[in-house]
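Here is the structure we will look at.
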Amino acid sequence: MHKSYKSSLFALLAAAAFATGAHADDLGKKTFETCVACHSMKAGENGTGPTLHKLIGRQAGSVEGFRFSGPMKRSGIVWNAETLSAFLRAPQESVPGNRMPYSGTTDEAALKALVAYLEAESR
């Protein structure tokens with residue numbers, strides 16, 4: 001393979017990878033827009049839903065100052081990519097009786113992007 005061809009191919013693949021990553025970031029941020037009516041990413045800022053600040057690794061139902069449902073407090077969930085995906089896909093199936101008024105998402109690309117966004121932004 002010719003050297004300039006390899007360079008061009010590499011540049012094209014790198015640009016595609018960058019664009020895909022940027023698109024996923026944008027999709028995660030856009031998908032999160034439906035969450036901001038109830039949730040904040042700021043520490044101590046609870047709304048209708050609890051703050052999502054430092055969400056990853058946190059026990060479900062444990063944000064101080066927020067009144068969680070009994071089922072959420074008893075769920076035993078520790079939030080990570082897997083548990084967030086399951087919960088956001090079908091909240092009432094994941095934690096029956098929780099009070100979050102969100103029916104879930106069937107858009108797997110948006111779900112994956114949202115979980116990645118929450119992982120990055122909630123630290």
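The values are calculated or read from the model by the stated rules, or taken from the named source; none is laboratory data. Quantities reported herein were computed from a predicted structural model and do not represent experimental measurements. Heads up, the Cβs are rebuilt from the backbone with ideal geometry, glycines too, and the neighbour counts pull from every protein chain shown.
Six or more apart or on different chains, Cβ atoms under 7 Å: show the pairs whose first residue is in the stretch 91-115 and under 16 Å from G28 (Cβ atoms) and whose second is part of a loop (DSSP other than H, G, I, E, B).
Cβ pairs passing all conditions: L111/T105.
Suppose the filter is surrounded by fewer than 14 Cβ atoms within 10 Å (Cβ to Cβ), touching a Pro at 6+ places or on another chain (Cβ under 8 Å) and in a loop (DSSP other than H, G, I, E, B); does G97 pass it?
Here the answer is yes, as G97 does meet what is asked.
Say we look at the stretch 102-123 and pick out the residues that are more than 10 Å from the chain's Cα centre (by Cα) and within 20 Å of H53 (Cα to Cα); which of these is surrounded by the most Cβ atoms within 10 Å (Cβ to Cβ)?
Only one residue fits best here, namely Y102.
Looking at the structure I just gave you, is E45 out of contact with any helix residue (DSSP H, G or I) (no Cβ under 6 Å at 6 or more places or on another chain) and under 20 Å from G28 (Cα atoms)?
Taking the combined requirement at face value, the residue does not satisfy it.
Quick one: which residue in K30, K42 is modelled with pLDDT of 95 or more, in a helix (DSSP H, G or I) and either touching a strand residue (DSSP E or B) at 6+ places or on another chain (Cβ under 6 Å) or surrounded by fewer than 17 Cβ atoms within 10 Å (Cβ to Cβ) (or both)?
Among K30, K42, only K30 is modelled with pLDDT of 95 or more, in a helix (DSSP H, G or I) and either touching a strand residue (DSSP E or B) at 6+ places or on another chain (Cβ under 6 Å) or surrounded by fewer than 17 Cβ atoms within 10 Å (Cβ to Cβ) (or both).
Kindly provide the set of residues from the stretch 74-90 that are surrounded by fewer than 15 Cβ atoms within 10 Å (Cβ to Cβ), touching a residue at least 12 places away in the same chain (Cβ under 8 Å) and not in a loop (DSSP other than H, G, I, E, B), ordered by number.
Correct list: R74, V78, A81.
When the residues of the stretch 55-67 are filtered to those that are surrounded by 19 or more Cβ atoms within 10 Å (Cβ to Cβ) and at negative phi, which remaining residue is nearest to the chain's Cα centre (by Cα)?
Result: L55.
Based on this model, can you work out whether L52 counts as surrounded by 18 or more Cβ atoms within 10 Å (Cβ to Cβ) and not in a loop (DSSP other than H, G, I, E, B)?
No.
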